[in-house]
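This report refers to the structure that appears directly beneath it.
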């Protein structure tokens, strides 16, 4: 039985691997995709991660992976299909093999919900983004749009209004779902134009976003569109095992969950800001909590 299994090798999982190596824990990282990096791999430009003025998700992901491997971290390419409590820890069943460990860190992330409109996938990373704080800087003094009506969409619109020439906020209902104070700020911002009772029908562009076609037939000239209609955490395996909130594992900065021996790090946990830097921090904190937990039995 290992000390630890790390599920996922995005920024949180690879940070956890580095810290677990330094702590001399017996562990393995299980990643279902052939390449490490998580959602970071879909980011073409990164300019807000400390120490890197400009890089891309693939390069940063490979840098993280090499760092973890240089520490002796073991990576297994397999998909976790089931987790069960056993005496002294957990059994983690994968497609190809089964592992046992005293503790498990879930760092399997979350995926932005897609609209499913024409042009969305084709222009992802070329004007289509799911993170205003990640990519907004690339659209300084340019027209952009935000799709959504919750807190994140309103916050994104306000953030972009400080950077972009104008912001179109597209919402399918006649009123927002976000906090009242955010609604007031949006409505009172001259740079934000609101489109109620409307939907994005198509994203148009040749290799980059150029126009948006709305359901009412209107077309908007924009350089970027930020889709903020929610996230889908990859937490189904833990349904009924740990406490959750809207599908996210309830855990604070420590990564400690309601289930003894299970920890959460990165986008999968309840948190305010989902960024590469906060995921890396989560990985370190989670391993610290694992050490404290294991020390209780030594």
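Every read-out reported here was derived from the displayed coordinates using simple, explicitly stated rules and does not represent laboratory data. Just so it is clear, the structure is predicted and the values come from calculations on it, not from any experiment. Heads up, the Cβs are rebuilt from the backbone with ideal geometry, glycines too, and the neighbour counts pull from every protein chain shown.
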Mind checking the angle between helix 11-22 and the chain's longest principal axis? C-alpha axes, 0 to 90 degrees, to the nearest 10. 30
Can you tell me the orientation of helix 57-70 relative to the chain, as the angle in degrees between its alpha-carbon axis and the longest Cα principal axis, to the nearest 10? 10
What 222 nm value per residue comes from the helices of the chain, counting each DSSP H run with n ≥ 4 as -39,500 (n - 2.57) and dividing by all residues, nearest 500 deg cm²/dmol? -7000 deg cm²/dmol
For segment 127-166 (alpha-carbon point model, no solvent) the Debye-based log₁₀ I(q)/I(0) at q = 0.23 Å⁻¹ works out to -0.65
Any chance you could check the Cα centroid distance between segment 169-202 and segment 108-130 for me, in angstrom? 20
Say each of residue 77 and residue 100 gets a label point 7 Å from the Cα, pointing the same way as Cα to Cβ; how far apart are those two points in nm? 2.9
Debye equation applied to the C-alpha atoms of the chain, log10 I(q)/I(0) at 0.13 Å⁻¹: -0.90
Looking at segment 173-298, what % of the alpha carbon pairs are farther apart than 17 Å? 70
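Order these by the 10 Å Cβ neighbour count, fewest first: 159, 99.
159, 99
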Placing each pseudo-label 7 Å from Cα in the direction of the beta carbon, residue 86 and residue 58 end up separated by a distance in nanometres of 3.9
Show log10 I(q)/I(0) for segment 20-157 at q = 0.16, 0.19 Å⁻¹, two decimals, from a solvent-free Debye sum over equal Cα scatterers. -1.00, -1.18
May I ask you to derive the relative contact order of the chain, considering only C-alpha pairs under 8 Å and at least 6 residues apart, and to give it as an integer percent? 20
For segment 7-47, count all C-alpha to C-alpha pairs, find those more than 14 Å apart, and express that count as a whole percent of the total. 50
Take segment 41-122, compute every pairwise Cα distance, and split them into 5 Å bins from 0; I just need the percent in each bin. 3, 10, 13, 15, 17, 16, 12, 10, 4, 1, 0
Could you put 225, 128 in order, starting from the residue whose Cβ has the fewest other Cβ atoms within 10 Å? 128, 225
What number results when the radius of gyration of segment 177-246, computed over Cα atoms, is divided by 2.2 N^0.38 Å? 1.57
With Cα atoms, 0 to 90° folded angle of helix 276-295 axis to the chain main axis: 20
Going from the fewest other Cβ atoms within 10 Å to the most, one would list 76, 104 as 76, 104
Taking only the C-alpha atoms, wrap a convex hull around segment 114-227 and report its volume per residue in Å³ as a whole number. 87
Hey, how many Å between the Cα centroid of segment 218-280 and the Cα centroid of segment 1-55? 16
